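Heads up, the thing below is written out as structure tokens.
The values are calculated or read from the model by the stated rules, or taken from the named source; none is laboratory data. All values reported here derive from a predicted model rather than from experimental measurement. Neighbour counts run over all protein chains shown; Cβ positions are idealised from the backbone, glycine included. For the accessible areas, the whole protein counts, side chains as well, though only heavy atoms, and no ligand, DNA or RNA atoms are used. Shrake-Rupley method; radii C 1.70, N 1.55, O 1.52, S 1.80 Å.
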Amino acid sequence: ALFALGIVLAAFAWALKSMRVASFVLLGLTMGLCFYLYPAALYVLPLPIIGLLIFSPPNNRDALKRWGWMLVSASLLVYPLIIQSKYWEAKIAGTFLYTDASTSVGTLIRNVILNSLYTSLSFLYTPEQSHYVSVGYMDPVSSIFIVIGIAYLIKLVFSKNPSALFLALSFLTMFFIVGATHGRNFPTATRMFLLLPWFALFAAYGLEWCAEKASQLFH
């Protein structure tokens, strides 16, 4: 799934830079590939859609053509799976629809709220040891810079920076579908690692902001 995240975002970046039809075809193919990997790879699919709506919305003929090629190329890989019911049943098994969380609305809401809370603190603390992870997903020092980096990102979003908006929306999307849709009591390590690129990037932003402020204070 982490491999899928990398190639989809790489193809998305190339598509934005070149704006060539071939790059959008490749983007669609990488999105279709996600259906053949670990179920968590499907969580990557909303990210290029969010990015294209921000940077290249389908509001003119050329943009519609690029979007069309992307969707058609993705469909080429997905359509053989449509009639395979066991495939989709296997994907549902990893969501809240397959667990006790779906028995009532109250249970589902409680599950989503608790898992969202645990996910928001996951870079510093994890309530359950699994897959060789017994503490937070980041070290304590980096966790400090993550908080600073998120605050800096929010400032950039309100200054109408499109890149900051994409970063924030992509993180919030992954935050919810990775951390709160699984139906377990705690966020699972096998999916939470998909948030590590954002945590690392937030830490880098926080560190860079502190370095800039220090240079201003001490010349």
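General observations
- For residue 89, the conditions (1) within 20 Å of the chain's Cα centre (by Cα); (2) assigned to a helix (DSSP H, G or I); (3) at pLDDT 75 or above all hold with the exception of (1).
- Answer residue from the stretch 93-110, given it is of a type outside the set (D, E, K, R) and open to solvent by 70 Å² or more (accessible area, probe 1.4 Å) and is modelled with the highest pLDDT among those: 109
Yes/no matrix, rows are residues, columns are (1) out of contact with any Leu (no Cβ under 8 Å at 6 or more places or on another chain); (2) modelled with pLDDT under 95; (3) open to solvent by 40 Å² or more (accessible area, probe 1.4 Å):
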| residue | (1), (2), (3) |
| --- | --- |
| 2 | no, yes, yes |
| 14 | no, no, yes |
| 27 | yes, no, no |
| 30 | yes, no, no |
| 34 | no, yes, no |
| 37 | yes, yes, yes |
| 40 | no, yes, no |
| 43 | no, yes, no |
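- Condition check for residue 78: at pLDDT 90 or above, open to solvent by less than 40 Å² (accessible area, probe 1.4 Å) and of a type in the set (A, V, I, L, M, F, W, C): yes
- Number of the condition not met by residue 185 [criteria: (1) open to solvent by less than 70 Å² (accessible area, probe 1.4 Å); (2) closer than 30 Å to residue 113 by Cβ; (3) of a type outside the set (D, E, K, R)]: (1)
- Within the stretch 16-27, the set of residues being farther than 21 Å from residue 194 by Cβ and either assigned to a helix (DSSP H, G or I) or touching a residue at least 60 places away in the same chain (Cβ under 8 Å) (or both) comprises 16, 17, 18, 21, 22, 23, 24, 25, 26.
- Output for the stretch 133-187, where each listed residue is in contact (Cβ under 8 Å) with a residue 24 or more places away in the chain and not in a helix (DSSP H, G or I): 133, 137, 138, 180, 181, 182, 183, 184, 185, 186, 187
- Only one of 6, 51, 68 that is under 30 Å from residue 92 (Cβ atoms), in a helix (DSSP H, G or I), open to solvent by less than 20 Å² (accessible area, probe 1.4 Å) and not aromatic (Phe, Trp, Tyr): 51
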